[in-house]
1. Only one of (1) in contact with a Gly (Cβ under 9 Å, 6 or more places away or on another chain); (2) modelled with pLDDT of 95 or more fails for Ser86. Which number is that?
2. Kindly state which helices (runs of 4 or more DSSP H) lie completely within the range 146-262 and contain at least 2 residues that are within 20 Å of the chain's Cα centre (by Cα) and among the aliphatic types (A, V, I, L, M).
3. Whether any residue in the range 102-110 is in contact (Cβ under 8 Å) with a residue 40 or more places away in the chain, of a type in the set (Asp, Glu), open to solvent by 10 Å² or more (accessible area, probe 1.4 Å) and under 18 Å from Asn360 (Cβ atoms) is what I want to check.
4. Taking Phe103 as the residue in question, decide whether it is under 17 Å from Ile142 (Cα atoms), aromatic (Phe, Trp, Tyr) and modelled with pLDDT of 95 or more.
5. Can you name the number of the only condition in (1) within 19 Å of the chain's Cα centre (by Cα); (2) in contact (Cβ under 8 Å) with a residue 12 or more places away in the chain that Thr15 fails?
6. Is the range 32-54 home to any residue that is under 26 Å from Arg275 (Cα atoms) and open to solvent by 30 Å² or more (accessible area, probe 1.4 Å)?
7. When you go through (1) polar (S, T, N, Q); (2) open to solvent by less than 60 Å² (accessible area, probe 1.4 Å); (3) under 25 Å from Gly128 (Cβ atoms) one by one for Asn228, which number turns out not to apply?
Amino acid sequence: MQTISILGSTGSIGTQALQVAKKHNMKVKAVAAASNVGQLAEQALELGVSCACIFNEDKKAELDERLSGSGIKTLTGMEGLKEIASLDGVDKMLNSVVGMVGFEPTLTAIRHGTPVALANKETLVAGGDLVMREAAERNVPIYPVDSEHSAIFQALQGNKGNKIRKIILTASGGPFFGKTRAELEGVTVEQALHHPNWSMGRKITTDSATLMNKGLEFIEAMHLFGVNADQIEIVVHRQSVVHSAVEFEDNSVIAQMGVPDMKIPIQYALLYPHRTECEVGRLSLTEIGSLTFEKPDYDTFDCLSSCIKAIRTGGTLPASVNGANEAAVGAFLDGRIGFLDIGRIVKTVCETAEHHEVKNEADVLEADRKARAQAEKLIREINA
């Protein structure tokens, strides 16, 4: 029986991962959530975990009360996440938290020797050089959970030693594909959160609407698969059936396809290298009828352009761009700035933030801190 721990167990990825774990008789040793203490406690009791962590320290007393007498250890904050990440007897840790909060637990798991199923984009976007270096030094595998990176990972199976010419990274285009900047000026939070194909959390759905999500995935792909920026082509594929593809040196292109359902990449990451029955719909190409592929609009969606510029520059700049985006998206969801202000803030930070080589995790965290402070200053100026 495989034993796993899940960071972000109450979110979209986490809850689906628990369904996969239940179906395949995996033991869940620990769970963690940001602030949904009620659902976290229910999960902990149902699963009989050893420990549960609520990141929001204000919720710790409530978690203690809900789990009183259960024998389940309760944790909180970053130290709690890192304790779960370093538990003995865990075969794989799924990191599905949202934001920079996932960076330190990933490093902790790697340093402990625990394989990581990674659904937290920011880990590699902000600290990819450091994370991949430490994973290689310790021979700790990282299994991608994002549908696009899982597709690339799957396409590479059986191709060890074969040269990658290009990665084709597909994008749904989000809810505003084809819109002009003028048409996006008055976009509401409700409109931004209405994704055409996927059901995701508020932050990730907003990132999909700005195409920031694809920029983050561009950076992730470079780190995960050892390619440079010129070897990645982003293609807008509205149907979300081709999840990504790899072109090899002989011009063969191998793609992974399937219905848009996250249980497939979650299960593949948790059960790798095994494939078994998955509770998702089957793909029928005749029912779909046609698949379309178009170029993204880099001018309108400047978050995407900023991400690519940041990773081409390298060093701490990707961490700065990511931190600025997190601050800007939070402000947009709170109604403090407009939709297009997100891209403006990210672009400004990308063009003006100081950057240098990443030597350790402190470099990453400091770049993130400074970028958030700069973004908050820009947010205040917008509201002045």
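1. If we test Ser86 against (1) in contact with a Gly (Cβ under 9 Å, 6 or more places away or on another chain); (2) modelled with pLDDT of 95 or more, just (1) comes out false.
2. Numbers: elements: 147-155, 181-184, 189-192, 202-210, 212-225.
Ranges flagged: 147-155, 202-210, 212-225.
3. First, pick out the residues of the range 102-110 that are in contact (Cβ under 8 Å) with a residue 40 or more places away in the chain: 102-105, 107.
Those left that are additionally of a type in the set (Asp, Glu): 104.
Next cut, open to solvent by 10 Å² or more (accessible area, probe 1.4 Å) only: 104.
Now restrict to residues that are under 18 Å from Asn360 (Cβ atoms): 104.
Yes: the range 102-110 contains one or more residues that are in contact (Cβ under 8 Å) with a residue 40 or more places away in the chain, of a type in the set (Asp, Glu), open to solvent by 10 Å² or more (accessible area, probe 1.4 Å) and under 18 Å from Asn360 (Cβ atoms).
4. Working: under 17 Å from Ile142 (Cα atoms): yes; aromatic (Phe, Trp, Tyr): yes; modelled with pLDDT of 95 or more: yes.
In short, yes.
5. Condition (2) is where Thr15 drops out.
6. So far as the range 32-54 goes, yes, one or more of its residues are under 26 Å from Arg275 (Cα atoms) and open to solvent by 30 Å² or more (accessible area, probe 1.4 Å).
7. The one condition Asn228 does not meet is (2).
Residues checked against (1) open to solvent by 40 Å² or more (accessible area, probe 1.4 Å); (2) farther than 30 Å from Tyr272 by Cα:
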position: Ile152; (1), (2): no, no
position: Gln157; (1), (2): yes, no
position: Lys163; (1), (2): yes, no
position: Lys166; (1), (2): yes, no
position: Leu169; (1), (2): no, no
position: Pro175; (1), (2): no, yes
position: Gly178; (1), (2): yes, yes
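The values are calculated or read from the model by the stated rules, or taken from the named source; none is laboratory data. Just so we're clear, the structure is a prediction, and the values are computed from it rather than from any experiment. Quick reminder, even Gly has a Cβ in these numbers, built from the backbone with ideal geometry, and neighbours come from all protein chains shown. The area values use the complete protein model at the heavy-atom level, side chains included, leaving out ligands, DNA and RNA. Shrake-Rupley method; radii C 1.70, N 1.55, O 1.52, S 1.80 Å.
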